[in-house]
Amino acid sequence: MEVAVLGGGREVGRLAILVKSRGKSFLLDYGLMFNDKVSYPGHVKPGELVGVALTHAHLDHSGALPLIYGSANPPKLYTTPLTLELSMLLIADFLNITRDYVPFEMGEVERMASKTVPTSLNDEFEAGDFVVRVRNAGHIPGSTMFMIEADGKTILYTGDFNTIETRLVEGARAPGRHVDLLVIEATYAGVEHPPRRELEKQFVERVATVVENRGVVLIPAFSVGRAQEILCILEKYDLPYPTYLDGMAREVAGILLQYPNFINEYQLLRSAIERVKYVTSRRERKRVVEKPGVIVSPAGMLKGGPAAFYMNRIAFNPKNAVFLVSYQLPNTPGRLLLDKGVWISGGSVKMVEATVEWFDFSSHGGHSEIVQFVDEVKPEKVLLVHGEGDKVDILASDLLEKGYEVVVGRNGVAVEL
Ligand SMILES: [Zn+2]
Ligand SMILES: [Zn+2]
């Protein structure tokens with residue numbers, strides 16, 4: 001068996017792992033990188049694929065899949081129905097907003113949907129000589145890991161995973177079977193997350209303080225997962241303030257409610273969504289930002305979306321606050337705001353007077369969780385992907401010291417089993 005990294009080697013983005021056995025291949029994820037420009041993983045021949053499995057909806061795992069569904073006789077796609085629905089929404093949005101040339105259209109996305117075999121957690125299926133087992137990944141609703149067996153060897157591919165329980169999803173667990181090769185993400189290698197419950201309390205207290213002082217709290221959040229997780233936390237602590245949800249996060253909230261099996265605290269999500277008010281017009285946007293309250297809106301890194309509109313209105317009043325709740329990539333407005341305290345508005349750089357704080361609500365395990373997961377799986381070999389180069393190296397040396405055989409994934413390079 002051979003496992004090739006086609007994307008996601010020493011980088012966070014365009015994940016693609018190709019498993020080959022006896023001349024046949026099975027593809028795990030086929031994502032894209034979408035920063036300033038769009039980049040794709042290495043090429044695959046759709047005719048050689050006996051199947052494709054998608055771990056979760058984020059574009060860095062799903063975005064390039066339509067390329068495979070433009071071919072004459074494309075393979076089946078195995079994924080959860082929730083992941084399919086969210087992926088289609090994200091890919092359609094990507095096609096709308098990107099200015100780059102994209103070598104596919106919605107036709108291929110529809111074709112992908114028509115070739116999908118829906119899976120659920122703990123399913124097992126066969127594709128050619130490959131036996132595939134599905135497990136919860138704990139990352140976002142609908143997310144899974146895959147165990148693939150062929151030629152007497154077993155690999156476990158985590159996709160993005162989190163062993164810490166959140167309001168939306170249960171934590172991931174090691175599958176309790178022998179694993180020859182563990183292909184594991186390393187986004188937060190070298191970084192530790194604070195204890196979740198304490199972080200929630202701290203966050204809620206800060207929100208309350210700002211609103212009690214008659215300020216507006218803007219919470220820029222990703223449309224899929226993070227925005228709804230934040231609503232669940234505000235609901236759990238029963239904050240009595242007007243709370244608003246804007247952007248694509250509204251549509252995603254509606255989709256999540258249709259999949260109770262994939263939600264950890266479903267009733268909490270349900271009451272959170274019943275309580276929150278949807279902002280649907282520019283006029284409403286102008287109105288809600290004038291009164292004390294909480295606004296949850298994409299984009300999570302303030303790269304456009306309604307959050308950028310709100311930022312222009314609230315940034316220059318010290319009563320207000322911006323609470324960032326996710327990782328801010330370098331060169332994004334969110335990162336600039338955190339590092340330098342500035343906001344670029346109408347072409348000029350301005351100092352922000354509102355309070356700016358960052359809360360580490362991650363949907364990936366931190367360094368300790370990754371190492372602990374490896375210890376629980378006890379694989380023969382570890383292949384590290386989905387991490388920035390220097391962080392992956394920290395994790396690699398940590399695992400080497402513990403006696404594991406470790407390979408740092410590189411694009412275009414395969415591991416033999
Ligand atoms: Zn993800
Ligand atoms: Zn990812």
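The values are calculated or read from the model by the stated rules, or taken from the named source; none is laboratory data. The shown structure was predicted, so the numbers you read here are calculated from the model rather than taken from an experiment. Here the Cβ is made from the backbone with ideal geometry for all residues, glycine too, and neighbour counts use every protein chain on show. We work out accessible area using only protein heavy atoms, side chains counted, and drop any ligands, DNA or RNA first. Shrake-Rupley method; radii C 1.70, N 1.55, O 1.52, S 1.80 Å.
Here are some notes:
- Solvent-accessible area of THR55, all protein chains in place: 0 Å² (probe radius 1.4 Å, heavy atoms, ligands and nucleic acids excluded).
- Averaging the sequence gap over all C-alpha pairs within less than 8 Å and six or more residues apart, then dividing by the number of residues, gives segment 1-118 a relative contact order of 21 percent.
- Judged by the gyration tensor of its Cα atoms, with axes a ≥ b ≥ c, segment 88-132 is prolate; a/c meets the 1.5 cut and a/b is the larger of a/b and b/c.
- Element breakdown for segment 301-408 at a 1.4 angstrom probe: carbon and sulfur atoms account for 51% of the accessible area.
- Å² of accessible area per residue within segment 196-358, as computed with a 1.4 Å probe and no ligands counted: 45 Å²
- Prolate/oblate/rounded label for segment 42-151 (Cα gyration tensor, a/c 1.5): oblate
- Reachable lysines from LYS20, criterion Cα separation under 20 angstrom, eight or more residues apart if same chain: LYS45, LYS76, LYS153, LYS381
- Test item: Cα-centred dipole of segment 130-203, Lys/Arg +1 and Asp/Glu -1 on Cβ, debye: 220 debye
- Within the chain: Cβ-based charge dipole about Cα centre, in debye rounded to nearest 20 (Lys, Arg +1; Asp, Glu -1): 1460 debye
- Every Cα-Cα pair in segment 351-413 was counted, and those over 20 Å apart are 38% of them.
- Ranking HIS139, PHE203, VAL382 by Cα position along the charge dipole of the chain, where only Lys, Arg, Asp and Glu carry charges on their C-beta atoms, puts PHE203 farthest toward the positive end.
- For the chain, the relative contact order works out to 19 percent when only alpha carbon pairs closer than 8 Å and six or more residues apart are counted.
- Normalised by residue count, segment 110-241 yields a Cα convex hull volume of 154 Å³ per residue.
- Rg in Å to one decimal, and Dmax rounded to a whole Å, for segment 19-102 via C-alpha atoms: 12.9, 41
- Summarising the strand pairing of the chain, around 50 percent of its internal DSSP beta bridges are antiparallel.
- Cross-link pairs exceeding 28 Å between alpha carbons, from the set LYS236/LYS291; LYS236/LYS378; LYS277/LYS303; LYS37/LYS286: LYS236/LYS378; LYS37/LYS286.
- In the chain, the DSSP-assigned H stretches of four residues or longer account for a calculated mean residue ellipticity at 222 nm of -9000 deg cm²/dmol, using -39500 (n - 2.57) per stretch and the full residue count as denominator.
- Euclidean distance between Cα centres, segment 39-55 to segment 255-278, Å: 33 Å
- Among ASP398, ASP151, the order of accessible area from largest down is ASP151, ASP398, computed with a 1.4 Å probe on protein heavy atoms.
- Contact order for segment 253-345, expressed relative to its length and based on alpha carbon pairs under 8 Å spaced 6+ residues apart, stands at 18 percent.
- GLU212-THR98 pseudo-label distance in nm [points 7 Å out on the Cα-to-Cβ vector]: 4.7 nm
- Projecting the Cα atoms of GLY190, PRO175, THR158 onto the dipole axis of segment 139-193, where Lys and Arg carry +1 and Asp and Glu carry -1 at the beta carbon, places PRO175 farthest toward the positive end.
- Three-way shape label, the chain, alpha-carbon gyration tensor, a/c 1.5: prolate
- Ratio of the Cα radius of gyration of segment 196-358 to 2.2 N^0.38 Å, where N counts its residues: 0.98
- Rounded percent of accessible protein surface that carbon and sulfur make up, segment 230-269, 1.4 Å probe: 48 percent
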